[in-house]
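Below is one structure, written out as structure tokens, with a few remarks after it.
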Amino acid sequence: MEIPFAFAGERFPADRLHQAGLVSRLIGAGQAVVGAREPAARIAPGVPPALAAGKRVIGEPADWHGGEAPARQGEAQGPVFGSADATDGEVASAKKRAPAWRGT
């Protein structure tokens, strides 16, 4: 399914895309805003630099050429992994508490 979808732009019903794992969940017609609020509420408390890095890694690869993807991902994610927020996230997870994100 992925090849016709990716290369030919072939259309598939949403339920088939969901079964194939290409769509994470289905919502009813006219419910897009309501359906977007729940995942947005889970994402919003995240660390802004980590969210920005994630958006970059998801959005930019179409412009990356050849084998440059690992280096470009490292550029986006490196500062996040070495941040104070990353350290606090690990500690918070170990202590089973909510992290105190500071954007650093």
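The values are calculated or read from the model by the stated rules, or taken from the named source; none is laboratory data. Everything numeric here is computed off the predicted structure, so don't read it as measured data. So basically every Cβ, Gly included, is an ideal-geometry build from the backbone, and we count neighbours across all protein chains shown.
Which residue out of VAL34, VAL47, VAL80, VAL23 is of a type outside the set (Gly, Ala, Ser) and either loosely packed, with under 10 Cβ neighbours inside 10 Å or modelled with pLDDT under 80 (or both)? Selected residue: VAL47, the only one of VAL34, VAL47, VAL80, VAL23 that is of a type outside the set (Gly, Ala, Ser) and either loosely packed, with under 10 Cβ neighbours inside 10 Å or modelled with pLDDT under 80 (or both). Listed conditions (1) on the phi < 0 side of the Ramachandran plot; (2) in contact (Cβ under 8 Å) with a residue 40 or more places away in the chain are all met by GLY103, apart from (1). Annotation note: of ALA52, ALA62, ALA86, ALA69, the sole residue that is loosely packed, with under 11 Cβ neighbours inside 10 Å, in a helix (DSSP H, G or I) and either in contact with a strand residue (DSSP E or B) (Cβ under 9 Å, 6 or more places away or on another chain) or hydrophobic (A, V, I, L, M, F, W, C) (or both) is ALA62. A Cβ distance below 8 Å, combined with a sequence gap of six or more or placement on separate chains, defines the contacts here; from segment 12-28, residues that are assigned by TED's automatic domain parsing to the domain that holds PRO39 and without any contact (Cβ under 8 Å) to a residue 24 or more places away in the chain reach residues that are loosely packed, with under 12 Cβ neighbours inside 10 Å and not hydrophobic (A, V, I, L, M, F, W, C) in the pairs HIS18/SER24; HIS18/ARG25; ALA20/GLU2; LEU22/GLU2; LEU26/ASP15.
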